[in-house]
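The values are calculated or read from the model by the stated rules, or taken from the named source; none is laboratory data. Nothing here was measured: the structure is a model prediction, and the numbers come from that model. Glycine also receives a Cβ, built like all others from the backbone with ideal geometry; neighbour counts cover every protein chain displayed. Surface areas here come from the heavy atoms of the whole protein model, side chains and all, with no ligands, DNA or RNA. Shrake-Rupley method; radii C 1.70, N 1.55, O 1.52, S 1.80 Å.
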Amino acid sequence: MPISHIGCDDALLIIDLQNDFLPGGALAVKNGHELAPLINDIIKRGFSTVIASRDWHPPHHQSFSTQGGKWAQHCVAGTQGAEFDPHLNLTKITHIIHKGTDPKCESYSAFEDENGRPTGLEALLKARSIKRVFLCGLALDYCVKATALDAIKAKFDTVLLHDATRSIHKPELTLNDLQKKGVKII
Ligand SMILES: [Zn+2]
């Protein structure tokens, strides 16, 4: 399936393309810097809804190793590390969704945190009568995956733009898993 015939009921979701997830950042995903030019190209295919999520943590977020969590401190709200990749064409982004803002709760998905509290993404998509979502960004095996699964749960036709993602671990398991749950991979 090519990315063509994009209509007004399609949305592009760009997940966490932020400095801390790029090479040189606090939680770098290998080759993450390759995505911005690819995504800038994809945006031009006619998406009228382009939503970028960002991990937007308070300084003492529970996911940080300093707080007993799994990850190095990253994407602290308002810092350089939390900013979008400067090579991403921000002028085409119509909406920004913040996630991980509660110090006591992790939020891999751009739809809701792990306590099930919505970020507003689903309501936004439904208000714009979006039927199909295309996903790209970082990291495939964490936040992109969790967002794709929630998109399926919310009954969106869900398409993963595999080339426009990068993974922390080998991607095969994630791709299999997503495909089994009904995500289309192109
Ligand atoms: Zn985070």
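Looking at the stretch 19-44, which of its residues are assigned to a loop (DSSP other than H, G, I, E, B) and among the β-branched types (Val, Ile, Thr)? Scanning the stretch 19-44 gives a single hit, Val29.
Of the residues making up the stretch 46-91, just one is of a type in the set (Ser, Thr, Tyr), away from the ligand (no atom under 13 Å from the Cβ) and part of a loop (DSSP other than H, G, I, E, B), namely Ser48.
Annotation note: Cβ proximity below 7 Å between a residue of the stretch 50-61 that is within 15 Å of Asn89 (Cα to Cα) and open to solvent by less than 30 Å² (accessible area, probe 1.4 Å) and a residue that is acidic (Asp, Glu) and assigned to a loop (DSSP other than H, G, I, E, B) (sequence gap 6+ or interchain) occurs for Ser53/Asp16.
Looking only at residues in the stretch 1-21 that are within 14 Å of the chain's Cα centre (by Cα) and over 19 Å from His162 (Cβ atoms), the one that is farthest from the ligand (Cβ to nearest atom) is Asn19. Entry remark, the stretch 62-92: residues being small (Gly, Ala, Ser) and either within 27 Å of Leu38 (Cα to Cα) or open to solvent by 50 Å² or more (accessible area, probe 1.4 Å) (or both) number 6 in total. Scanning the stretch 8-20 for residues that are closer than 22 Å to Asp150 by Cα and open to solvent by 20 Å² or more (accessible area, probe 1.4 Å) turns up Cys8, Asp9.
Could you tell me how many of the residues in the stretch 93-144 are buried (at least 19 other Cβ atoms within 10 Å of the Cβ) and of a type in the set (Lys, Arg)? Within the stretch 93-144, residues that are buried (at least 19 other Cβ atoms within 10 Å of the Cβ) and of a type in the set (Lys, Arg) number 1.
Applying the set (1) within 16 Å of the ligand (Cβ to nearest atom); (2) open to solvent by less than 40 Å² (accessible area, probe 1.4 Å) to Ile39 leaves exactly one unmet item: (1).
Taken over the stretch 22-36, the criterion of being away from the ligand (no atom under 16 Å from the Cβ) and either open to solvent by 10 Å² or more (accessible area, probe 1.4 Å) or in contact with a Lys or Arg (Cβ under 9 Å, 6 or more places away or on another chain) (or both) is satisfied by Pro23, Gly24, Lys30, Asn31, His33, Glu34, Leu35. For the stretch 57-98, the tally of residues that are touching a helix residue (DSSP H, G or I) at 6+ places or on another chain (Cβ under 8 Å) and over 20 Å from Gly24 (Cβ atoms) stands at 6.
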